[in-house]
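Accompanying notes for the structure given below.
The values are calculated or read from the model by the stated rules, or taken from the named source; none is laboratory data. Just so it is clear, the structure is predicted and the values come from calculations on it, not from any experiment. Backbone-built Cβ (ideal geometry, glycine too); neighbour counts: all protein chains shown. Areas reflect the complete protein model, heavy atoms only, side chains present, ligands, DNA and RNA absent. Shrake-Rupley method; radii C 1.70, N 1.55, O 1.52, S 1.80 Å.
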Amino acid sequence: MNGPTWCGWRRSSGTVLPRTHPNTTQRRRVLEALGEAGGLCTARTVEMSSGDVILCTREAGHYDLDDPPGWKRGKSDGTPGGWHLADGSIWSDAGAACYPHTAV
């Protein structure tokens, strides 16, 4: 079972990734280095202030434009709904600086 542990992130194989949290760029980089990022979303956006490219850290197939994040529904719960997420950044495919996800 995948899930957080006290020392890191547990993979389905039972091994634990280094102290990473779900939906973080750090976890995505670890999975990419291990060759296990194939199940992650491919959407990306550009941070306008720095020009950095941000890759979505959620699982592939999660995207649902009709399920907006909490702040779009008048809630301050920080949930991304069906939109993209990485290190606290939430975005949809409709933004000018966004590259949509690719269908799986």
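How much FRET efficiency would the formula 1/(1 + (r/R0)^6) give for LEU34 and GLU59, where r is the Cβ-Cβ distance and R0 is 25 Å, rounded to 0.05?
0.95
Across the stretch 70-84, coupling constants 3J(HN,Hα) worked out from phi with the 6.51/-1.76/1.60 Karplus curve, θ = phi - 60°, read x, 5, 7, 9, x, 10, 10, 7, x, 6, x, x, x, 7, 7 Hz, and Gly and Pro carry x. If you sort SER76, SER89 by accessible surface, 1.4 Å probe, largest first, the order is SER76, SER89. For the stretch 24-104, GluC sites (Glu not before Pro) meeting the loop criterion (DSSP other than H, G, I, E, B) and having at most 15 other Cβ atoms within 10 Å: GLU36, GLU47. Report the paramagnetic label zone for GLN26: residues of the stretch 49-73 whose backbone N is under 17 Å from a point 7 Å from Cα along the Cα-to-Cβ axis. Only 55, 57-58 fall inside the zone, counting backbone N under 17 Å. Applying the Karplus relation 6.51 cos²θ - 1.76 cosθ + 1.60 with θ = phi - 60° to the stretch 38-45 yields 3J(HN,Hα) values of x, x, 9, 4, 9, 5, 8, 9 Hz, where x marks Gly and Pro.
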